[in-house]
Amino acid sequence: MAIITGGTGALGQAVTLRILTGGALVALPYIVKAEDDQLRTRLPAGTHDRVLSAEVDVLDEASLGRFVDTVVARHGPVDILVSLVGGFAGGALVETDRATWDRMLALNLTSTFAACRAVLPRMLAAGYGRVVLTASRAVLPPAAGIFAYTVSKAAVVAFTQALAAETRGRGVTVNAVAPSTMDTPANRAGMPGADRSSWVPVESVAEAIAFLASEAADHVTGSIVTI
C-alpha cells in the first residue's frame with residue numbers, strides 16, 4: 001500500500017496514477033475536495049476500488065495518525081510513502097514577513113516531518129519501506145529572491161539525508177526528487193509569459209518517484225534526484 005500526501009494536486013494526480021499502474025493500493029489524505037473529485041474522473045477502469053481518500057490536514061498530526069491507523073487496519077502495511085504537500089512564495093529575506101516564513105516551513109518541511117512520523121515507525125517494524133520526499137532544483141544551489149521557499153526546501157534535502165542515515169540497513173530507503181519548474185496549471189497562471197519549453201512535465205517527476213518507490217531502487221537511499 002502507498003500513502004501519498006498531496007496526492008490529489010497537479011503533481012500528486014500524476015504520481016497517484018503512476019503508482020496505480022504498478023498495482024498498488026493508494027491512500028490519499030486531501031484538503032481540497034474538488035481535487036479529489038477531479039482525480040476520480042481520471043482513474044483508469046478497474047482501479048477505483050484501489051484508491052482510498054479522506055479529508056485530512058496532514059499538519060494535524062492526530063488526524064493524520066488516525067488516517068494511517070484506519071487504512072492499515074483495513075488494508076495492511078504501508079510499503080510506500082510519498083510526501084508531496086508543499087507551497088511556494090517569492091520574495092527576498094527583507095521582503096518576507098513572518099506569516100510567509102511560517103507558511104513555507106509548515107507546508108514544505110513540517111508536512112514532511114508529520115508524514116514520516118506517522119508512517120516510518122510501521123515501516124521500521126516491518127523491515128521494509130520506500131520513502132520519497134519532494135525538494136526543489138532551486139536549492140541546488142539556493143536561488144535568490146525566493147528566500148523562505150528555498151530555505152524550507154533546502155531543509156527537505158537535509159531531512160532526506162539525515163533520515164536515510166538513520167534508516168540505513170533497516171530495510172527502509174529515503175530519497176527525494178528535486179524538480180525544476182513543473183508544467184502545472186498554477187505555474188502557467190502565475191507565469192503567463194514564461195517560456196515553458198524547459199518546464200518539467202509532471203509525468204516525468206512521477207516516473208522518477210515510481211522508480212524510487214520500487215524494489216528496483218533497493219540500494220538507492222539518501223539520494224536527491226534532480227529533474
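Among the helices (runs of 4 or more DSSP H) confined wholly to the stretch 73-184, which include 1 or more residues that are surrounded by fewer than 15 Cβ atoms within 10 Å (Cβ to Cβ) and in contact (Cβ under 8 Å) with a residue 24 or more places away in the chain?
111-126, 147-167
So which residues in the stretch 202-222 are farther than 16 Å from Ala2 by Cα, surrounded by fewer than 18 Cβ atoms within 10 Å (Cβ to Cβ) and within 15 Å of the chain's Cα centre (by Cα), if there are any at all?
Glu203, Ser204
Just to be sure I understand the filter: pairs with C-beta atoms under 7 Å, separated by 6 or more residues or on different chains, first member in the stretch 14-26 and over 12 Å from Leu39 (Cβ atoms), second member among the basic types (Lys, Arg) and surrounded by fewer than 20 Cβ atoms within 10 Å (Cβ to Cβ). Which pairs pass?
As it stands, the answer is Leu25/Arg50, since those pairs meet every condition given.
Out of the residues in the stretch 47-71 that are assigned to a helix (DSSP H, G or I) and of a type in the set (S, T, N, Q), which is nearest to Leu109 (Cα to Cα)?
Ser63
Being in contact with a strand residue (DSSP E or B) (Cβ under 9 Å, 6 or more places away or on another chain) and assigned to a loop (DSSP other than H, G, I, E, B) is the filter here; which residues of the stretch 33-46 pass it?
The one that is in contact with a strand residue (DSSP E or B) (Cβ under 9 Å, 6 or more places away or on another chain) and assigned to a loop (DSSP other than H, G, I, E, B): Leu43.
Is it true that Gly6 is without any contact (Cβ under 8 Å) to a residue 12 or more places away in the chain, on the phi > 0 side of the Ramachandran plot and of a type outside the set (Phe, Trp, Tyr)?
Criteria not met by Gly6.
Since every read-out is calculated from the coordinates, none of them should be taken as a lab result. Here the structure is a predicted model, which means the values were calculated and not measured. All Cβ positions, glycine included, derive from the backbone under ideal geometry; neighbour counts span all protein chains shown.
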